[in-house]
Amino acid sequence: IGHVGGAITRDASPFFKSDWQEYAMIFDLYVAPAHRCRGIGKAMVQQMMALLKGAGATRFRIVGLAANPAALMLYRKCGFTDYEITLEYNA
């Protein structure tokens, strides 16, 4: 039906504030087309967040493509808000 991945990232970069240096990243969310719009993606995101929270995560990030408004809407329904915007230029 689908899959999702997640991991806790620790980045000791001096360029980031200390509270930005550790976060959980949720990635590779996929729900098979025949099973979409049934709450499965939201349930998988919430379950992954619970697993990562159990491992000590308190800050979560997820990436969505601007060209995928359905994914962005799902992530916002899960409580995510805009954190960073990446712009691209193709020459």
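The table below lists the values:
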read-out: At most 13 other Cβ within 10 Å, DSSP loop - chymotrypsin sites (Phe, Trp or Tyr not before Pro), the chain; value: Phe15, Phe16, Tyr83, Tyr89
read-out: Cα-based Kirkwood hydrodynamic radius, the chain, one decimal, Å; value: 14.4
read-out: The chain - percent of accessible surface contributed by carbon and sulfur, probe 1.4 Å; value: 57
read-out: Accessible area (Å², per residue) of the chain, counting only protein heavy atoms and a probe of 1.4 Å; value: 76
read-out: Amide H contacts of Gly6 (H built 1.01 Å from N, under 5 Å, at least 5 apart or other chain); value: Phe27
read-out: In sequence order, calculated HN-Hα J values of segment 42-52 (Karplus, 6.51, -1.76, 1.60; Hz; x Gly/Pro); value: 4, 5, 5, 4, 5, 5, 5, 4, 5, 5, 5
read-out: Interchain or long-range residues, amide H under 5 Å from Glu22's placed H; value: Asp11
read-out: Leu51 versus Thr86: modelled label distance in nm, points set 7 Å from Cα along the beta carbon direction; value: 2.3
read-out: Accessible area, probe 1.4 Å, largest first, for residues Cys37, Cys78; value: Cys37, Cys78
read-out: Contour excess over end-to-end distance, with Cα ends at Arg59 and Ile8 and 0.36 nm allotted per residue; value: 17.4 nm
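The values are calculated or read from the model by the stated rules, or taken from the named source; none is laboratory data. What you are looking at is a predicted structure, and each value in this text was computed from that prediction instead of being measured. Positions of Cβ are generated from backbone atoms using ideal geometry, with glycine treated the same way; all protein chains shown enter the neighbour counts. Only protein heavy atoms, including side chains, enter the accessible area calculation; ligands, DNA and RNA are left aside. Shrake-Rupley method; radii C 1.70, N 1.55, O 1.52, S 1.80 Å.
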